[in-house]
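Shown next, in structure tokens, is the structure this report addresses.
The values are calculated or read from the model by the stated rules, or taken from the named source; none is laboratory data. Only a predicted model underlies this, so the values are computations on that prediction, with no experimental measurement involved. Cβ sites come from the backbone with ideal geometry, for glycine too, and all protein chains shown count toward neighbours. Note: areas computed on protein heavy atoms with side chains; ligands, DNA, RNA excluded. Shrake-Rupley method; radii C 1.70, N 1.55, O 1.52, S 1.80 Å.
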Amino acid sequence: MHVRIAAGASAEEASAIAAALAEHVGESVEVYVGDDDEPLATQETPDSGASGEMQPGSGSGTDAPSSESAGTGQPDDLGPTDRERRLRAEIEDILEGGPEKYREQLEETDKLFVRDRLELWFDGENSAFQFEDGRFAAFDDWHPDGTGEETDDRLPADGLITGGATFEGRDVHFMANDYTVKRGSMAKKGVEKFLRMQQRALKTGRPVFYLMDSSGGRIDQQTGFFANREGIGKYYYNHSMLSGRVPQVCVLYGPCIAGAAYTPVFADFTIMVEGMSAMAIASPRMVQMVTGEEIDLEELGGPQVHARESGSADLIAEDEEHARELVAQLITYLPDNSDEKPPRQEPTAPSRSPGGIDSVVPQSPNRGYDMTDVIDRIVDSGSYFELRPDYGPEIITAYARIDGRPVGIVANQPAQRAGAIFPDAAEKAAEFVWKSDAFNIPLLYLCDTPGFMAGSQVEKEGILEQGKKMIYATSSATVPKQTVVVRKAYGAGIYAMGGPAYDPESVLGLPSGEIAIMGPEAAINAVYARKLSEIDDPEERERMERELREEYREDIDVHRMASEVVIDEIVPPSELRAELAARFAFYEDVEKSLPDKKHGTVL
């Protein structure tokens, strides 16, 4: 307490006033005289441990500091109370996770405890764990007496951790299942945290990471979270609202069954970890009960199943550290949300010389080669990042950078099935184009295909349906598009691969390029089969076939296409990278719009 008295008062008078007031109000008192800046007398409270003697201020020549904060009456060295110490003990208990026996199961499968996993992800250069939400979720259900006994009913954080973090310099929302709490199963409080995290991501416009290890809904506690308006079903509604707004990235660390398996397939990018993860609509036990089929989880929904057969996994990680590395590389191509452009980096030269492109592409349109040998000569060194490499491998879908700018590459792969487009490849390409367009990533099409595959089997597999989706995605993409006719562009393949009719900013041709309804052999067989069959002399028939092929090839040659202004330019192969870099830079801010409508009807 501060008191100021009239000028001229003596030190004895000031001391007497200080002593009387301190006893009356129960606080330390400092008495100032006139306009003095320092107290002339100070009196501690009676119970402060002081001797009770009056302590003169600077006016008496003493500079002894007070142990109390000026004007508060509180000591400067206050520390935590028992109340705070109890809270910290409760938090420490929560951070321990579920029963020890489940921690031991993690060690047996080489999996990290969830909080160690979060440390791996968010503790390092340019990364930091910022905060956690709902740490005390379900606390009263298992910790009513403050002891938190070691039983199967331990429910720290209700088995689900959510919060905000910085990852490789980018702020992100995250969720992570705690396997040690009832094997990562989901219940009412955890579901509420999950929903809040998603809804906050919609407001902030920041990416979402799902670090999944969940056995699904907690069946014995389903009342209150399964069918409710704000229950687990709202996950997928929120996934749908977030889709195309912010990148959603999912990493699977364990078997995600039933409802838990929908999060990875709703995510934009899904990574499974070899040897520990799986996803399926039902467990092997449930499959056997429903269908009679006996199958283990690896065969039912392991990484290889979803990387090769279903296409639901974009990548397979070797271990937990590799999974983080893959995501760290992936986000370098992605903006935080659909309002932003993807981040640029310093340009680097290609890993292989662009001068070798023409040597890589065979003269014969029927000879195979690896399209990645062309890509390596176009894109910045170290920037090539392929997605879903084992699904529909006759089309490459990859992110890379050209002169520091991220691009999405859709390229036919002549080394696989001659580059013909099968249903799974068309589906893969359509989804890749759709995602890239959503996040403002320009598209580069590298075309070398005989077109969509024909035959009874692919008809049964939906070649028309999947081909439609690929053409629709290419048609609807409003990002800058560049198309290169590397070699053959036959049939509807040129439509799906961003041909002249599909509003690309440029269609470029290499000297090896051809655009036609079909290849020369097929065309001659279709048009001249009867005429050739009427020629009895084999040598004469062969000569006629050769002449017809040469005529046909001249008609479809890239020079003819350039002469007719079907394509914009024929580019020397060694200059292709520089040409693409210039065109992507020039059209960087191009604005394209779609017709005014609610949405298309193609899914």
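Could you size up the charge dipole of the chain around its Cα centre, putting +1 on the beta carbon of Lys and Arg and -1 on that of Asp and Glu, and report it in debye to the nearest 20?
The dipole of the chain has a size of about 2900 debye.
How do 354-363, 419-428 rank on mean C-beta neighbours within 10 Å, highest first? List each step's numbers first, then the result.
Numbers: 354-363: 16.2, 419-428: 25.3.
Order by mean packing, descending: 419-428, 354-363.
Please work out the C-alpha center-to-center distance from the stretch 381-453 to the stretch 263-341 and express it in whole Å.
Here the answer is 20 Å between Cα centres.
Choose one of ALA489, PRO335, VAL305: the residue whose Cα lies farthest towards the positive end of the charge dipole of the chain (beta-carbon charges +1 Lys, Arg; -1 Asp, Glu; about the Cα centre).
ALA489
Under 19 Å between alpha carbons, and skipping anything fewer than 8 positions from LYS469 in its own chain: which lysines qualify?
Output for LYS469: LYS428, LYS435, LYS460, LYS481, LYS597, LYS598.
Just the number please: accessible area per residue for the chain, 1.4 Å probe, all protein chains included, in Å².
Accessible surface, normalised per residue, equals 48 Å².
As a test of understanding, state the convex hull volume per residue of the stretch 298-423 from its alpha carbons, in Å³.
Considering the Cα atoms of the stretch 298-423, their hull volume per residue is 137 Å³.
Hey, what angle do you get for helix 423-438 against the long axis of the chain, alpha-carbon based, 0 to 90 degrees rounded to 10?
The angle comes out at about 50 degrees.
Roughly how many percent of the accessible protein surface of the stretch 81-190 is carbon and sulfur, given a 1.4 Å probe and a whole-percent answer?
The C+S portion of the solvent-accessible surface of the stretch 81-190 is 43 percent.
Mind checking the angle between helix 538-556 and the chain's longest principal axis? C-alpha axes, 0 to 90 degrees, to the nearest 10.
Orientation of helix 538-556: about 40 degrees from the principal axis.
Translational diffusion coefficient of the stretch 188-343 at 10 °C, 1.306 mPa s, Stokes-Einstein with Kirkwood Rh over Cα pairs, in µm²/s as a whole number.
D = 97 µm²/s.
Tell me which of ILE556, PRO389, TYR587 sits at the most positive position along the dipole axis of the chain, charges placed on C-beta atoms (Lys, Arg +1; Asp, Glu -1).
Of the listed residues, the answer is ILE556.
Nearest 10 degrees, 0 to 90: what angle lies between the long axis of helix 320-330 and the longest principal axis of the chain (Cα atoms)?
Compared with the principal axis, the helix lies near 70 degrees.
May I ask you to evaluate 6.51 cos²θ - 1.76 cosθ + 1.60, the Karplus curve with θ = phi - 60°, for each residue of the stretch 460-465 and list the ³J(HN,Hα) values in order in whole Hz, giving x for glycine and proline?
In residue order, the calculated couplings are 5, 7, x, 4, 5, 5 Hz.
Quote the charge dipole size of the stretch 438-492 about the Cα centre in Debye, to the nearest 20; the model charges only the Cβ of Lys and Arg (+1) and of Asp and Glu (-1).
Value, rounded to 20: 140 debye.
Under 13 Å from the Cβ of PHE122, count the other residues' Cβ atoms, weight Lys and Arg +1, Asp and Glu -1, and hand me the total. Each step should come with its number before you reach the end.
Working: positive: ARG115, ARG117, ARG170, ARG324; negative: ASP116, GLU119, ASP123, GLU125, GLU132, GLU168, ASP171.
Once positives and negatives cancel, what remains is -3.
Counting DSSP beta bridges with both partners in the chain, what percentage is antiparallel, nearest 5?
Of all bridge pairs located within the chain, approximately 45 percent are antiparallel.
Given the alpha-carbon gyration tensor of the chain, what are the semi-axes of its equivalent ellipsoid in whole angstrom, ordered largest first, with each equal to the square root of 5 times an eigenvalue? Provide the component values of the computation, followed by the final result.
On the way: eigenvalues 963, 205, 67 Å².
Semi-axes from the Cα gyration tensor: 69, 32, 18 Å.
How would the stretch 466-603 be classified by its alpha-carbon gyration tensor: rounded, prolate or oblate, with rounded meaning a/c under 1.5 and the a/b versus b/c comparison settling the rest? Intermediate values should be presented prior to the final figure.
Values: a/c = 3.88, a/b = 1.78, b/c = 2.18.
It comes out oblate by the Cα gyration axes.
For the stretch 529-603, would you read off the P(r) tail past 20 Å as a percentage of all alpha carbon pairs?
So the pairs more than 20 Å apart make up 66 percent of the total in the stretch 529-603.
Just name one of ALA398, GLN363, ILE378: the one whose Cα is farthest towards the positive end of the charge dipole of the stretch 334-450 (beta-carbon charges, Lys/Arg +1, Asp/Glu -1).
Of the listed residues, the answer is GLN363.
Would you list which lysines come within 21 Å of LYS101, measuring only between C-alpha atoms, while excluding same-chain residues fewer than 8 positions from it?
LYS111, LYS182
Run the reach check for LYS203 against lysines, Cα to Cα strictly under 18 Å, same-chain hits fewer than 8 apart removed. What comes back?
LYS203 reaches LYS193, LYS234.
Would you work out the relative contact order for the chain, in percent, from Cα pairs under 8 angstrom that are 6 or more residues apart? Walk me through the intermediate numbers first.
Working: 1185 pairs, mean separation 40.4, N = 603.
Taking the mean separation of contacting Cα pairs over the length of the chain, I get 7 percent.
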